[in-house]
1. Out of the GluC sites (Glu not before Pro) in segment 360-455, which ones are loop residues according to DSSP with at most 15 other C-beta atoms within 10 Å?
2. Amide H of Cys442 versus every other amide H placed in the peptide plane: which residues, excluding those fewer than 5 positions away on the same chain, fall under 5 Å?
3. Straight-line reach from Lys292: which lysines have a Cα under 16 Å away, not including same-chain ones fewer than 8 places off?
4. Can you return the aspartates and glutamates within cross-link range of Lys849? Criterion is Cα-Cα under 14 Å, with same-chain partners fewer than 8 residues away left out.
5. For the chain, give the share of DSSP beta bridges that are antiparallel, in percent and rounded to the nearest 5; count only bridges with both residues there.
6. For the chain, count all C-alpha to C-alpha pairs, find those more than 36 Å apart, and express that count as a whole percent of the total.
7. Based on the Kirkwood radius over alpha-carbon pairs, what value in µm²/s does the Stokes-Einstein equation return for the translational diffusion coefficient of segment 155-246 at 20 °C and 1.002 mPa s?
8. Filter the GluC sites (Glu not before Pro) in segment 749-849 down to the DSSP loop ones having no more than 12 other Cβ atoms within 10 Å, then list what survives.
Amino acid sequence: MRDTLRQDQDPYVTLITPKAPVSTPTHGGRAKCLQRLIRLELPVPRTVALSFETVHRIAAGELPDIDRILAQFPAGALLCVRPSSEDPDWGGPGSILNIGMNDATFVDLSDSIGHAAAASLYKRFVMAYAIHVARLDPDVFEEIEGVGQEGLSEALRCYEEEAEEPFPQDPAVQLAEVLRSMARAWEGTTARLLRQAKGAPVDAGLGLIVQEMALGLGSGERGSGVLQLVNSETGLPQVTGRYLSQSQGREALEGGPAALYLERDPRGASLEELEPEAFQALKDYAAFMREKLRAEMQIEFTIENGRVHILDGMRVKRSPRAALRIAVHLAEDGIISRQEAVMRVEPRGLSELLHRQVDPEAARDVIGRGVAASPGAATGKIVFSSSEAQASAARGENCILVRRETSPEDVRGMHAAVAVLTERGGMTSHAAVIGRGLGLPCVVGAARMGFRLHDKILITEDGRRLREGEMITVDGSSGQVLAGAPAMIEAALDDAFHVFMSWADAERDIGIRANADTPADATTARNFAAQGIGLCRTEHMFFEADRITPMREMIFADSPEDRKAALARLLPMQRADFIELFRIMEGMPVCIRLFDPPLHEFLPSDRAGLRDLAEALDLPVSDVTRRVESMGEYNPMLGMRGVRLGIAVPEIYDMQARAIFEATLEASQEGAPVVPEIMLPLVSAMREVELVRTRIDAVAAAVRNERGREFDYSLGVMVETPRACLRADEIAQHAHFLSFGTNDLTQMTYGLSRDDAGRFMSHYVQQGVFAEDPFHRLDPEGVGELIRMGVERGRRGNGGVMLSICGEHGGDPDSIAFCRSAGIDYVSCSPFRVPVARLAAAQLAIRDKIG
Ligand code: PEP
Ligand code: MG
């Protein structure tokens, strides 16, 4: 070593020593990690760190003193340069290895490792330099076929021809050019956009590491590899990695170290060639790093004459399920706290554990894209109707229900299918809401595919025609539709999951309930430890075939008598539904929302449906058709919906209230006392609440009288129109609770149809009109302001009012953060999103506690 870098001489270029001023925000995560390893006295080769500022200057043409950097290393040493950004996920230019290779080193190396092996090493450096540093045409170099001396000569000749100058021999020139090209690559537009997409700030910096390759010229065992102590996919303890010996001649060297540094996937690897002592030393180092750096680490190492050098340590790549298990094991071993373990798993990643997923390693033949409306993936044969779906299920064949959009008539088909794909719709359309409730993967709004339902043909985005019965895969986590049957990975609700979630619950300070309409939903909600049902959409209870007909008869009834008769048929069904829900929930709160059907959802839409209804009503088809037309609304979502139906046709709510109260008495007799919560949808005026409340109180009094038994209930209001937010103070005076229906509130605040938004939402998000689909992530500015107003006014009107949200946003981590900050008591979301919500809420509480 000719000189020693003095920190005070150049604050931007730092030899990493235990005390050197190196930090992640100035030098990047890799530099900091290497310093930690050096502090732990691990055998790390000499390393110099270049700060963000230095690299920024290099990109602007101002080089540091290259000779002084080289002076840190033994004369003739081979060096590598690697990126060190603040967060490894932000990427960075690829590492460049073996800097310093030139004609003279080649001669020296030929003596120690053999001529052919040295030639191959030199050739690879020339090629990497040509392509990544001098930016010459990669095709020219990739076409070089010769091996050994011949290949090397060809590479050097190509370089000279393309670059119009000989390959640089001076290590200082090589290093300077490598630094310059890596610094410039970081500042390029594509790289910047890519990292910004991963959350990097606009001015994210890049540090660079210059490190000795630690492959001396000795003739003993030499090689390099990676090693970690866990499986990246499962998180289970398993020593995995790869080692390539370079003492084994040319073949190993050919495919060797470059590949090692570039791709870190340890699968398919072999550590068998390692000497037992070196292997043991590496495992000990990895365990030591796990304990001291408090994370599972992957070690990148070289071995030289039996001596291990640690070139780098980085957190192991891990799938969400591995992240969870690793965090639990670290906490169980006392290395990190439970709170820290809870913070280490990304809530959105959790949904991958709850559903089958396409194996991330599997090849994807993407044939369409839409809104990722319900997570998980499933493979099946294409069917185009609900009845075909049921027939397919009866044959024991998995099928994917492909529809333009779904309606109540499709619910049976949805039950029978393993996934749903629709042309239209968004996050809160029928298919999406039902799909999430059933835990059924669902992609909606795939409008760029062709849906030729009559011809039973699905046309892929690239024009391929798929017929009924062909196999496709719906990936509701990514919104992609794939051809064929890629490999899948199963859901992982194991012990580690339950332990982890119990730690999260211990921290959480807002409640999490589930939206559940059916016994299956309620059971899922219980399994995922929801603290009650926050929304039971009673209209969903009438989608089954045996119920839709009496429901339609009720809607069509001309006279109060006819309506009464239809309602009398519906009452026992509703009562039985509620008894079952109360039983499953065992005394937990159950919030039942009275009918909120946009009526058209219950009207037949095609000739066959009209004929069926005519038969049931014993009327001519023409009569039924006329009545359906007369009931048609220009805009059903803003028409005779929700409490408006309750005011205009009060017998419906009377029947539902009776069913709820009778079920309450019955279920309370068997187990924990039930206190039902009854909720009124689409309220916009206080008077609506007063009117309905008077009738419901009267029904309660009647049932108490008839049965001679007491029960309690509470009455609440869905705040889902802008006016209800504005008038929340007076509305709250008549309500025990207010629940913000953020689906409708978003629709009405934006004036944006929730059923049609899917068609253009991607344009809006791509062009930055909306940062995110507002049906997916609560808009904190507009809709959020209305909610804050509603919270504040509601509490002013009734200090004891309980506040919640039950729109789909209840399962989205960012929206939960908003709700918590707005002072909401609990959120309610689809059952399968409950764990995500529990974890997101726990992390918010922990963040507040630790400041
Ligand atoms: C809402 O509008 O947010 C809501 C929960 O009700 P629905 O989606 O049934 O209209
Ligand atoms: Mg609503």
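1. Passing both the DSSP loop test and the Cβ count: Glu361, Glu397.
2. For Cys442, whose amide H was placed from the backbone, the distant partners under 5 Å are Ala373, Ser374, Val420, Gly476.
3. Lys32, Lys283
4. Within the straight-line cut-off, Lys849 pairs with Glu340, Glu507, Asp509.
5. Restricted to the chain, the bridges split so that about 65 percent are antiparallel.
6. Percent of Cα pairs beyond 36 Å in the chain: 56.
7. Answer from the Stokes-Einstein relation: 120 µm²/s.
8. Details: sites: Glu772, Glu781, Glu785, Glu792, Glu808; in loops: Glu772, Glu781.
Those that pass, being in a loop and sparsely packed, are Glu781.
Read-outs: derived from the displayed coordinates by stated rules, not from any lab. Keep in mind the model is a prediction, meaning the values are calculated, not measured. Glycine gets a Cβ as well: all are built from the backbone with ideal geometry, and neighbour counts include every protein chain shown.
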